[in-house]
Amino acid sequence: MIENKGGSCWQIKFKPQEEYEEKLTNFIDDYFTTSSLDYCDNGNEILSAYADINFNEKDFLTQAQQQGVSLPEYEKTLLESQNWLKDYVIKFPPVEVADFLIYGIHEKETPQTNKIPLQIYAATAFGSEHPTTRSCLQALCDLKQKGIKPHKILDMGTGSGILSLGAAKLFGSSAKITAVDIDEEAVIVTLQNAATNQEEDVIHAAVSDGYKSDFVQNNAPYDLILSNILARPLIEMAPDLYKTLNQGGYAILSGFVEDQKDWVISAHEQQGLKLIKLYQINDWCAAVMEK
């Protein structure tokens with residue numbers, strides 16, 4: 001539980017590597033509030049992680065050992081600030097994902113591109129290069145290519161709002177996007193990213209623990225539901241997703257690995273959804289399902 005997101009934070013910067021092991025990057029992404037991957041001039045990767053002021057280094061080392069994660073050498077630095085999310089923006093290079101070019105607010109100019117630009121305030125839960133994000137954005141583009149035109153969209157577990165932004169850019173001002181997250185900071189970041197990309201009239205965000213809130217229910221049913229979270233909550237929320245999705249609507253589900261795909265897909269098939277397409281990058285999967 002993050003107790004002091006607005007104030008100072010700890011930065012844990014790992015020794016540059018030619019390429020970090022995937023097991024390490026997945027562990028860092030799960031353990032820390034925010035992580036980023038940058039590059040040295042020689043092309044080596046630089047992995048940094050950010051934790052609130054209550055960071056317990058002993059627990060971090062214990063968890064890594066228990067999960068069999070080999071940690072490179074690292075430096076721990078206290079970043080003093082009244083609001084570290086604003087004062088220490090995580091800088092990342094522009095990255096092409098599906099039909100989009102994603103770049104940070106630290107860039108002074110929009111990079112030249114033929115793709116759809118998305119400018120991101122890189123903070124809580126952002127991972128534009130994570131395989132699940134890539135697959136979900138690709139799935140959105142494929143639905144657009146098929147001529148699907150969802151009007152009401154739900155982004156369940158919005159994180160930084162990256163999927164909401166992609167949907168807003170693809171489906172235009174006629175779309176109404178409801179973005180929710182259990183984490184208040186994620187909602188704040190989503191609203192900031194919406195405003196930065198001139199999509200604040202399309203994307204509406206609030207705190208919600210799953211589908212039960214009035215904010216989610218008052219905008220239901222939805223033509224498209226996006227849910228890039230984890231296998232267990234996806235399975236647990238499958239009945240609520242089905243009830244909240246329009247007949248003929250689509251769901252893009254992600255955040256699960258290959259060993260979990262049968263469980264996730266089966267849980268939704270039992271509710272009455274059918275699998276349309278499965279995406280996989282490395283061990284991570286995303287499924288497009290239709291009601």
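Across region 167-182, the qualifying residues are those that are out of contact with any helix residue (DSSP H, G or I) (no Cβ under 9 Å at 6 or more places or on another chain) and at pLDDT below 95, and the one among them that is nearest to THR133 (Cα to Cα) is ILE182.
Residues in region 9-43 that are part of a loop (DSSP other than H, G, I, E, B), open to solvent by less than 40 Å² (accessible area, probe 1.4 Å) and modelled with pLDDT of 70 or more: TYR20, PHE32.
Among what's in region 222-234 and is touching a residue at least 24 places away in the same chain (Cβ under 8 Å) and not in a strand (DSSP E or B), pick the residue that is surrounded by the fewest Cβ atoms within 10 Å (Cβ to Cβ).
PRO233
Of the numbered criteria (1) small (Gly, Ala, Ser); (2) surrounded by fewer than 19 Cβ atoms within 10 Å (Cβ to Cβ); (3) within 16 Å of TYR211 (Cβ to Cβ), the one ALA251 fails is (2). Which condition breaks for GLY159 when tested against (1) in a helix (DSSP H, G or I); (2) closer than 18 Å to LEU230 by Cα? For GLY159, the exception is condition (1).
Yes/no matrix, rows are residues, columns are (1) among the aromatic types (Phe, Trp, Tyr); (2) not in a helix (DSSP H, G or I):
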position: VAL216; (1), (2): no, no
position: ALA220; (1), (2): no, yes
position: ASP240; (1), (2): no, no
position: LYS243; (1), (2): no, no
position: GLY255; (1), (2): no, yes
position: GLN260; (1), (2): no, no
position: TRP263; (1), (2): yes, no
position: GLN280; (1), (2): no, yes
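Report whether or not LEU170 is in a helix (DSSP H, G or I) and either open to solvent by less than 30 Å² (accessible area, probe 1.4 Å) or of a type in the set (Ser, Thr, Tyr) (or both). So LEU170 fits the description; yes. Taken together, ASN193, ASN197 contain a single residue that is within 19 Å of THR133 (Cβ to Cβ), surrounded by fewer than 23 Cβ atoms within 10 Å (Cβ to Cβ) and of a type outside the set (Val, Ile, Thr), which is ASN197. Against the definition (modelled with pLDDT of 95 or more, of a type outside the set (Asp, Glu) and open to solvent by less than 10 Å² (accessible area, probe 1.4 Å)), how does MET237 come out, yes or no? Answer is no for this residue. The number of residues in region 217-237 being farther than 16 Å from HIS151 by Cβ and not basic (Lys, Arg) comes to 11. Considering LYS274, LYS243, LYS261, the condition of being over 16 Å from THR158 (Cβ atoms), surrounded by 17 or more Cβ atoms within 10 Å (Cβ to Cβ) and without any contact (Cβ under 8 Å) to a residue 40 or more places away in the chain is satisfied by LYS261 alone. Among the conditions (1) part of a strand (DSSP E or B); (2) touching a helix residue (DSSP H, G or I) at 6+ places or on another chain (Cβ under 8 Å); (3) not basic (Lys, Arg), TYR211 misses just one, which is (1).
The values are calculated or read from the model by the stated rules, or taken from the named source; none is laboratory data. Predicted model only: the values in this text are computed from it and were never measured. Virtual Cβ from ideal backbone geometry, glycine too; neighbours counted across all protein chains shown. Surface areas here come from the heavy atoms of the whole protein model, side chains and all, with no ligands, DNA or RNA. Shrake-Rupley method; radii C 1.70, N 1.55, O 1.52, S 1.80 Å.
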